[in-house]
Amino acid sequence: MSELTETQAFLVLNALPDIGPITTNRLLAAFGEDPRRLFDAPVAELEAVKGVGPKISGNLRNWRELVNLPKELARLAQAGATFVTSRDPAYPPLLRELADAPLGLYRRGDYSFDAPCVAIVGSRRTTLYGQSVAKKLGYELARLGFCVVSGLARGIDTFAHEGALEAGGRTAAVLGNGIDIIYPPENLKLYQRIEESGGAILTEFPFGRRADKQSFAMRNRIVAGMSRAVIVVESDVSGGSMITAKFAGEQGRLVFAVPGRIDQPTSAGCHQLIRDGATLLTSVDDVLSEFNYLQGFGPGGVAPVAGAGDAAAPKSAPGATPPATLTPDEAKVFACFAGGALLAPDALVAATGLASHTLSSTLMMLELKRLVVRRADGTYEAR
């Protein structure tokens, strides 16, 4: 048995050349899901696994010549970063569902991805319209309690992150390079603000890895994979955001596109996505409307609400025992509607003692779980 810990073994596997997560998962399945066994296994047993040839088996056997583990661990400590494996509770739950999910992620920041994520992506060459839309969407989604995901790139990504930060919400930046490289360099302060605000900086790439076309495409699959929905604000027909949207569609995520001027090249990609079936987005309400078709959110994405999909199951009545899937804050707010009460947000703040921003996100989650509904006059009632 290797002297490595499980996390260290995943760190090495993630950094080895010529072996991706799909092949690694096959190897893990063949060796009892213990990554440490892969480094000591006989070559014949390794090569009996589909997709494993002499090159991969050689890399596994000679990993010390390819990965400087002590140096990588020292860099992690110096950078104040951690390596979160796919088995760690802090790993983005939806990302874990992908067949080619990263074995682990280098992470700075403490965010644990306990709320649903929505990605906002778009062109680096933006219009003022695109900038304002991205910032507004980032702000409103973060205010509602979503984590706003983007790629820290120039343009739309930057404004989406900034909007989330202005709302005092959470945002996660997924990099196409090592976590020690700030790209573009002018986003250094934004990088620091995301970490300091309780968000997260994430990448699957080891220290020192520079960005290239391949790494950006790999980054885009993570942006889509960890998100419940992807919003494309501005993109030409060949932009990287179109790749993100393609990944999102293949992964079963919701895809939204913001329309723009018909004579503006940076809107051509969005218009193509709409023609191809993406949902036209004009406000955050469009996102919430689509999410209302879901049964509710749990730590791993969609979680069933008691009785959902069962025509004979009784519906929750005002004052009924709340479903077990509710968080403590959700249960506290839900209890206020006993007896069919109609309550405004101010009254709920007074009754629960929750901060207004916490109440706002809690009400949003109760709406998504179809337990409360917002009336036209701004008050709420139980369904």
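The values are calculated or read from the model by the stated rules, or taken from the named source; none is laboratory data. Predicted model, so just to flag it, every value in this text is computed and none were measured. Cβ placement follows ideal geometry from the backbone for every residue including glycine, while neighbour counts extend to all protein chains displayed.
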Condition first: out of contact with any Asp or Glu (no Cβ under 6 Å at 6 or more places or on another chain) and either in a loop (DSSP other than H, G, I, E, B) or touching a residue at least 60 places away in the same chain (Cβ under 8 Å) (or both). Now tell me which residues in segment 328-353 satisfy that. CYS336, PHE337, ALA338, GLY339, GLY340, ALA341, ALA344, GLY353
So, of the residues in segment 213-239 that are of a type outside the set (A, V, I, L, M), surrounded by fewer than 24 Cβ atoms within 10 Å (Cβ to Cβ) and within 24 Å of ALA200 (Cβ to Cβ), which turns out to be modelled with the lowest pLDDT? GLN214
For segment 194-298, give me every one of the strands (runs of 3 or more DSSP E) that falls completely inside it and has 3 or more residues that are closer than 30 Å to LEU73 by Cβ and in contact (Cβ under 8 Å) with a residue 12 or more places away in the chain. 200-203
Select from segment 16-26 the residues that are within 14 Å of ASN59 (Cα to Cα) and out of contact with any Asp or Glu (no Cβ under 7 Å at 6 or more places or on another chain) and write down the one among them that is surrounded by the fewest Cβ atoms within 10 Å (Cβ to Cβ). PRO17
Candidates GLY122, GLY138, GLY104, filtered to the one that is farther than 26 Å from ALA257 by Cβ, assigned by TED's automatic domain parsing to the domain that holds SER238 and buried (at least 22 other Cβ atoms within 10 Å of the Cβ): GLY104
Would you call ALA29 buried (at least 17 other Cβ atoms within 10 Å of the Cβ) and either at pLDDT 95 or above or not polar (S, T, N, Q) (or both)? no
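Could you pull out every one of the helices (runs of 4 or more DSSP H) wholly within segment 1-111 that has 3 or more residues that are without any contact (Cβ under 8 Å) to a residue 24 or more places away in the chain? Spell out how you get there, then give the answer.
Details: elements: 6-15, 21-30, 43-47, 54-61, 63-66, 69-79.
Here the list reads 21-30, 43-47, 54-61, 69-79.
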Would you confirm whether or not segment 45-60 contains a residue that is under 25 Å from the mean Cα position of the chain (by Cα), hydroxyl-bearing (Ser, Thr, Tyr) and either modelled with pLDDT under 95 or not assigned by TED's automatic domain parsing to the domain that holds GLU204 (or both)? no
Taking PRO116, is it in contact with a strand residue (DSSP E or B) (Cβ under 8 Å, 6 or more places away or on another chain) and over 15 Å from LEU152 (Cβ atoms)? yes
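When only residues in segment 79-118 that are among the polar types (S, T, N, Q) and modelled with pLDDT of 95 or more count, which is nearest to ALA248 (Cα to Cα)? Don't jump to the end; show me each part of the working.
Step one: of segment 79-118, the residues among the polar types (S, T, N, Q) are 82, 85-86, 112.
Now restrict to residues that are modelled with pLDDT of 95 or more: 82, 85.
On the way: THR82: 27, THR85: 22 Å.
Checking each candidate, the answer is THR85.
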Tell me which residues, restricted to segment 136-159, are in a helix (DSSP H, G or I) and under 24 Å from GLU367 (Cα atoms). LYS136, LEU137, GLY138, TYR139, GLU140, LEU141, ALA142, ARG143
